[in-house]
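Everything on this sheet refers to the single structure shown next.
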Amino acid sequence: MNRRTWHNGHVHIDVRHHYDASAAVVRKMLGDPEFWKECLPDRTETCRVEAIPDGVCMDLTVRAPVRFRRFVGAGLSARMTVAWRHEEGSGRWVGPVAFKPDKVPGTFAGTCTITPDGMSAAAVSYDGDFTVQIPVVGKVIEQQAMPYLSRTLDAQQAQGELWLAKHPH
């Protein structure tokens, strides 16, 4: 289930991916910098991904879509961090995820949860809010950015399936 809805001046994102692997294997995948590098869009110019305690941190620059260049220039740089803590007994990993672009007063702040889904499957959910705090045009930028954000999240699902097929678990 993937939902993107408007809520009180921001976009609320509720995305769920399903993988045919245990929650522990999916957590390992999402903590692997190489996985994230493989998820990047074709227009990525620079990328640095590193493992941090309990998660990953990514700094990247992509060629800005033409419609955003008047706001950000030719390139759009951003930092994403995600970290999880294991909930004993439930088998879940839960933690904050944040995405902060440079040059744009906007953020995505939310939660990423990895949940066992049966004996050998897991669900990954992202739940949070994407906001651009620019008077008058913030909502327009949010609306125009949503297709790019959606494609990025969808690419993660597709890349996750490929990664799991290549890495025995």
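Tabulated results
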{"quantity": "Among (1) surrounded by 12 or more Cβ atoms within 10 Å (Cβ to Cβ); (2) out of contact with any strand residue (DSSP E or B) (no Cβ under 7 Å at 6 or more places or on another chain); (3) in contact (Cβ under 8 Å) with a residue 40 or more places away in the chain, the one test that Arg67 misses", "calculated": "(1)"}
{"quantity": "Matching residues, segment 7-33, being over 15 Å from the mean Cα position of the chain (by Cα) and over 18 Å from Val94 (Cα atoms)", "calculated": "His7, Asn8, Gly9, His10, Asp20"}
{"quantity": "Val82 in contact (Cβ under 8 Å) with a residue 40 or more places away in the chain and β-branched (Val, Ile, Thr)", "calculated": "yes"}
{"quantity": "The listed residue being surrounded by 16 or more Cβ atoms within 10 Å (Cβ to Cβ), at pLDDT 90 or above and part of a strand (DSSP E or B), out of Arg27, Arg48, Arg16", "calculated": "Arg16"}
{"quantity": "Some residue of segment 117-132 being crowded, with 18+ Cβ neighbours inside 10 Å and free of Cβ contacts under 8 Å to residues at least 60 places away in the same chain", "calculated": "yes"}
{"quantity": "Count - residues of segment 1-13 that are at pLDDT 85 or above and farther than 13 Å from Gly110 by Cβ", "calculated": "0"}
{"quantity": "Subset of segment 78-101 (residues that are over 15 Å from the mean Cα position of the chain (by Cα) and either small (Gly, Ala, Ser) or within 17 Å of Glu142 (Cβ to Cβ) (or both))", "calculated": "Gly89, Ser90, Gly91"}
{"quantity": "Asp42, sole failed condition from (1) assigned to a loop (DSSP other than H, G, I, E, B); (2) under 21 Å from His169 (Cα atoms)", "calculated": "(2)"}
{"quantity": "Ser77 vs. criteria surrounded by 18 or more Cβ atoms within 10 Å (Cβ to Cβ), under 24 Å from Pro135 (Cβ atoms) and not aliphatic (A, V, I, L, M)", "calculated": "yes"}
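The values are calculated or read from the model by the stated rules, or taken from the named source; none is laboratory data. Note that the coordinates shown come from a computational prediction; the quantities given were computed from them, not determined experimentally. Don't worry about glycine lacking a Cβ; one is built from the backbone with ideal geometry, like all the others, and counts go over all protein chains shown.
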